[in-house]
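A short write-up of the structure that comes next.
The values are calculated or read from the model by the stated rules, or taken from the named source; none is laboratory data. Remember, predicted model here, so these are calculated numbers, not experimental data. Cβ: placed from backbone, ideal geometry, glycine included. Neighbour counts: every protein chain shown. Surface areas here come from the heavy atoms of the whole protein model, side chains and all, with no ligands, DNA or RNA. Shrake-Rupley method; radii C 1.70, N 1.55, O 1.52, S 1.80 Å.
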Amino acid sequence: MLIGNALTLCADKALYLGEIPATGWHRHAAPVLLLGLSGRFRLLLPKGREESCHSALIDAGVEHVFDPQGERVALMYLEPDAPEVRRLRRVFAAQGPVIGEPVPRARIRWHTEQRLHSFDLPTLLGPGGLPPLASVDPRVLSSLRRLREAGEGVPDREALARAAHLSASRFNHLFSEALGVSFRSYRIWTQVRRAMAAYRPDGSLTEAALDGAFADSAHFSRMFRHTFGMTPSSVLRPLRAVNVLD
């Protein structure tokens, strides 16, 4: 069993394991699975809705507050083009953008953490599996990959619209319609993700910010807080490991 806080990122998923403070109101540009490993967490949602859960699936673009209440937690972020998300699209459409207790409670926490490390979402969600893949416009899928695989810079809307042979306004509409979040939100998400992948426990937040194509650490801090409802130092400083998988 892993001790301490750790971040693992692969091409279309990311996993944070450990203890974090309660967040402020925020919304992600990608769906997330929240899992309490040592107890229940508290979830605040719009219109005064409050939940006490062991697990929850939250779609992209849903404003919420996540309070781990001092428990050890897992946060699995799923990129919009991940096969699991393309299957979850039908689940969210049928059950709503917030699904409480999707993960059956495991008898042995070690097994759960092993499944998390292998990003084995179908097994975590238990019997029944996931529906077939939902279709996503190939121009949107191509744009997502271009954003994540870009070199030092991050492509802007106009560049990706030209590559897709669309006007900027049509591209914006197509992107938001397919993913439920704006292109700007997802572009910032990509930059934050890149900065997190570049961070090392013995490094600096400024270096990570520059690797994420932010102007400086203050810009990175503002965008990180907007994305996760927390400061980057409260999330990244306690990390004991950052693993980037091929």
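The residues of region 1-127 expose on average 42 square angstrom of accessible surface per residue, using a 1.4 Å probe on protein heavy atoms. Take region 153-242 with all the other protein chains still there, run a 1.4 Å probe, and you get 47 Å² of accessible area per residue. Neighbours of residue 234 by Cβ distance under 14 Å: Lys/Arg scored +1, Asp/Glu scored -1, total 0.
Taking a ≥ b ≥ c as the square roots of the eigenvalues of the Cα gyration tensor of region 1-133, is the shape rounded (a/c under 1.5), prolate (a/b larger than b/c) or oblate? In terms of gyration-tensor shape, rounded. Starting from the Cα gyration tensor of region 65-204, take the square roots of the eigenvalues, sort them a ≥ b ≥ c, and report rounded, prolate or oblate (rounded when a/c is under 1.5, otherwise prolate if a/b is larger than b/c, else oblate). Oblate, since a/c reaches 1.5 and b/c is not below a/b. Remark: accessible surface ordering of 226, 165 (largest first) is 165, 226, probe radius 1.4 Å. The Cα center of region 186-240 and the Cα center of region 1-74 differ in position by 18 Å.
Ordered by solvent-accessible area of protein heavy atoms (1.4 Å probe), largest first, the residues 7, 210, 166 come out as 210, 166, 7.
With the convex hull constructed from alpha-carbon coordinates only, the chain shows a mean projected area of 12.9 nm² over all directions.
Within the chain, which is the longest segment containing none of the GluC sites (Glu not before Pro) that sit in a DSSP loop and have at most 13 other Cβ atoms within 10 Å? After excluding every exposed loop site, the longest remaining stretch is 153-246. Each Cα pair under 8 Å and six or more residues apart adds its separation to the average, and for region 37-100 the resulting relative contact order is 38 percent. Nonpolar atom fraction for the chain, defined as the carbon and sulfur part of the 1.4 Å probe accessible area, stands at 49 percent. For region 149-246, the C-alpha radius of gyration sits at 1.19 times the compact-globule guess of 2.2 N^0.38 Å, with N the residue count. Each of 76, 223 has its accessible area taken with a 1.4 Å probe; listed largest first, they run 223, 76.
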